[in-house]
Amino acid sequence: MSSPFLLAAGEVGGDFFRERDVGDLCQAQRGHVFCWDWAQENIDRFGTPTVQHLQIVVPAILIGFVVAFALALLSHRTRWLQPPLLAATGVLYTIPSIAFFFLLLPLTGLGRDTAIIVLAAYTLQIIYRNTILGLNNVPAAVKDAARGMGLTPRQILWKVELPLAIPEIIAGLRVAVVSTIAIATLAVLISAGGLGTEMYGSNLTFPTSIIIAAAIVMLMALAFDAILLLVQRFTTPWRRVAQS
Amino acid sequence: MTAALPLASFTGAFEFIFTPQDSNVTGGKKVGGFDKSLELLVKHLEVTLLALAIALVIALPLGLYLGHRGKGEQFAIGLGNAGRAIPELAVIALVAVLIGVGLANVAPVLAILGIPPILTNAYVGVRQVDRSTVDAARGMGMSEMAIIRKVELPIAVPTVMGGIRSGAIAILATATIAPLAGVETLGDFILNRNVYGENGLLAGAILVALLALTIEGLLALLQRRLTSDGLKLKTV
C-alpha cells in the first residue's frame, strides 16, 4: 500500500488496547474520565512519544533561533530590512500549523523533517521581533559611552548591545519554546510521531491517554521555561545586583 | 481506501477547490468543488467568530478591569503563559469524549484558546498607559468607567488588538481540527483524506491558510482605523 496515510493510521495503535488493556483493567471504570489502573500499567508507552516529541521540538527551536538571530544581526545595521522581515515572518506565524504542515506535503512529504521545518518557521517571528526590540532598546547613551571608550562597532554589538538585549531575547525564546512544544502535538497528523500519537487515532476516544499525554506536554513546556529563566539569571548577573 | 490515492499537487488542489472530483470511497459521487469549499469556508468562519465573540465577552472586560485596577498581575500574565502550553489536539479530543460533539459544545471550548492572549494583552495594554495621564483624567473629574473607555482603552488599542489578533488566529487554527468533535469546518478536507483524497487535503490547507491571512489582514486594518492618529506617530 503506497499511501503514507494508511501507515499513519496503523502506527497510532489500532484497536488493540481498547480491546485488551482497557477491557481488562478498566472494566469497572468504563465511562470514567481517568482510569488509574490503565495509567499505572501503561505509563511506559509514553516514553517513546516523549523522546520523539523532543526530537521534533529541540531541532526546530535551535534552527529557528539561529535563523532569527542571524536575521536580527543582519537587519541591525541595515534598518530598512526590519519592516519587510517582520512582515515576512509574520505571515509564516499567521498560517495555522495544520495548514502549514500540509502545504509542505508536496515539497517535503510526511515525517519529522516537515514538522521541524514548520515549527522552526513558526518561531522566527517571535524570536526575531524580540531580538531587534532588545537591540533597539539599548540606550543611546550606553552606546556612546562604549564608543567613547574606543570599542569598535563589532565590539559594541557583542559586548554591550547583545548582553543588554538578553532579557528580551530570552523572553521571546520562552514564548517560542512553550508554543512550539504545544503545537508539536499536531505533528501526528503528518506521521512525525510525538506525544500527539497518544491523543489521536484510536486514542481519540480514550481520555486517560489524552490527559497523560497533555500533562507530559505541559510539564515539558514548564521545564523548558524554567531552564530558560535560569539561563537568563546566569547570563545577566547585573540585573540581580540591581534588584537586591 | 483500496486504490492508491493520487499524489497531492498544487494544481490538483486548485482543481479540487473549483470543480468536484472523483473519490475512491463515495461510489462514483463527486467530492469537493466550489460549492462545497465555500460552504465549509463559511462554516469555518462561523465557528471562529462565535468562539471569538465568547472569548471577547469574557476576556476583554476582565483584562481591562484588572489592568485599570492594577490587580491580578500574576493571574493576567500567568494565564497568557499557561495558555500557550495547552495542546489544541487534547482540548478538541477531550471535549468530544467528555462534554459532547457539535457546535454548542465546541465553540465555548475553542473560546478557551482565545481568552489568554486577549486577557493578557488587555491587561498589559492598560497597565502601560502613563499613570500621570490617568491621574490627569481623574483630576478632570472623569469617572473610573470614563477613564477606562475614553483614556486607557484608546491608548491601549494597539496592544489590545494585538491580543485579539492572536486569539482569533489561535481559534481559527484550532477550528481546523473541530471535525474531530463533530463540527464541520475546512478541516473536513484535511481529516477525511480517504474521502477527499490528497488533493482535497492540500486544498483544505490552502483555504485555511488563506482564511487566516485574510482575517489577520482585516484585523490589522481595523487596528489602524481604531488607533488614534496621535499614537501612530510613535514607531514601534
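Listed values, structure above:
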item	result
Helices (runs of 4 or more DSSP H) contained entirely in region B:133-236, each with at least 2 residues that are crowded, with 18+ Cβ neighbours inside 10 Å and within 10 Å of chain A (Cβ to nearest Cβ)	B:153-175, B:187-191, B:193-226
Flag for A:P59 being closer than 22 Å to B:I177 by Cα and either within 29 Å of the chain's Cα centre (by Cα) or at pLDDT below 95 (or both)	no
Selection from region B:44-103 of residues that are closer than 17 Å to B:A170 by Cα, away from chain A (no Cβ under 14 Å) and acidic (D, E)	B:E46
Qualifying residue in region B:24-34 (condition: away from every other protein chain (no Cβ under 11 Å) and assigned to a helix (DSSP H, G or I))	yes
Test: residue in region B:107-114 that is within 11 Å of chain A (Cβ to nearest Cβ) and crowded, with 16+ Cβ neighbours inside 10 Å	yes
Number of the exception - B:V129 against (1) part of a helix (DSSP H, G or I); (2) surrounded by fewer than 23 Cβ atoms within 10 Å (Cβ to Cβ)	(1)
Candidate set from region A:69-91 (those that are touching a residue at least 40 places away in the same chain (Cβ under 8 Å) and within 12 Å of chain B (Cβ to nearest Cβ)); member that is farthest from A:P163 (Cα to Cα)	A:L86
Residue in region A:132-149 that is closer than 24 Å to A:Q52 by Cβ, within 14 Å of chain B (Cβ to nearest Cβ), in contact (Cβ under 8 Å) with a residue 60 or more places away in the chain and within 23 Å of the chain's Cα centre (by Cα) present	no
Which numbered condition A:A120 misses (of (1) in a helix (DSSP H, G or I); (2) within 11 Å of chain B (Cβ to nearest Cβ); (3) among the hydrophobic types (A, V, I, L, M, F, W, C); (4) under 24 Å from A:T197 (Cα atoms))	(2)
Test result for A:P106, farther than 25 Å from B:A170 by Cβ, in contact with a helix residue (DSSP H, G or I) (Cβ under 7 Å, 6 or more places away or on another chain) and facing another protein chain (nearest Cβ under 10 Å)	yes
Single condition B:T214 does not satisfy, out of (1) farther than 20 Å from B:S166 by Cβ; (2) without any contact (Cβ under 8 Å) to a residue 60 or more places away in the chain	(1)
Pairs with Cβ under 8 Å, 6+ apart, first in region B:105-134 and among the basic types (K, R), second surrounded by fewer than 21 Cβ atoms within 10 Å (Cβ to Cβ)	B:R127/B:G70; B:R127/B:E73
Residue satisfying all of: in region A:155-177; at the interface with chain B (Cβ under 10 Å from one of its Cβ atoms) and either surrounded by fewer than 24 Cβ atoms within 10 Å (Cβ to Cβ) or over 20 Å from the mean Cα position of the chain (by Cα) (or both); farthest from A:A99 (Cα to Cα) among these	A:R174
Candidates B:I155, B:I171, filtered to the one that is of a type outside the set (D, E), under 30 Å from B:G200 (Cβ atoms) and in contact with a Gly (Cβ under 9 Å, 6 or more places away or on another chain)	B:I171
Number of the exception - A:G194 against (1) without any contact (Cβ under 8 Å) to a residue 12 or more places away in the chain; (2) touching a helix residue (DSSP H, G or I) at 6+ places or on another chain (Cβ under 7 Å); (3) within 14 Å of chain B (Cβ to nearest Cβ); (4) not acidic (D, E)	(1)
Candidates B:G83, B:G32 - the one that is under 17 Å from B:G187 (Cα atoms), in contact (Cβ under 8 Å) with a residue 24 or more places away in the chain and touching a helix residue (DSSP H, G or I) at 6+ places or on another chain (Cβ under 6 Å)	B:G32
Residue identified as among the β-branched types (V, I, T), farther than 17 Å from B:N81 by Cα and under 23 Å from the mean Cα position of the chain (by Cα) among A:I227, A:I212, A:I216	A:I212
Residue within region B:40-56 that is assigned to a loop (DSSP other than H, G, I, E, B) and surrounded by 17 or more Cβ atoms within 10 Å (Cβ to Cβ) present	no
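Condition check ((1) under 18 Å from A:I181 (Cβ atoms); (2) surrounded by 20 or more Cβ atoms within 10 Å (Cβ to Cβ)) across all residues:
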{"position": "A:T89", "(1), (2)": "no, yes"}
{"position": "A:P96", "(1), (2)": "yes, yes"}
{"position": "A:F101", "(1), (2)": "yes, yes"}
{"position": "A:L119", "(1), (2)": "yes, yes"}
{"position": "A:Y122", "(1), (2)": "yes, yes"}
{"position": "A:R147", "(1), (2)": "no, no"}
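The values are calculated or read from the model by the stated rules, or taken from the named source; none is laboratory data. Just so we're clear, the structure is a prediction, and the values are computed from it rather than from any experiment. For neighbour counting, all protein chains shown are included, and Cβ atoms are generated from backbone atoms with ideal geometry for every residue, glycine included.
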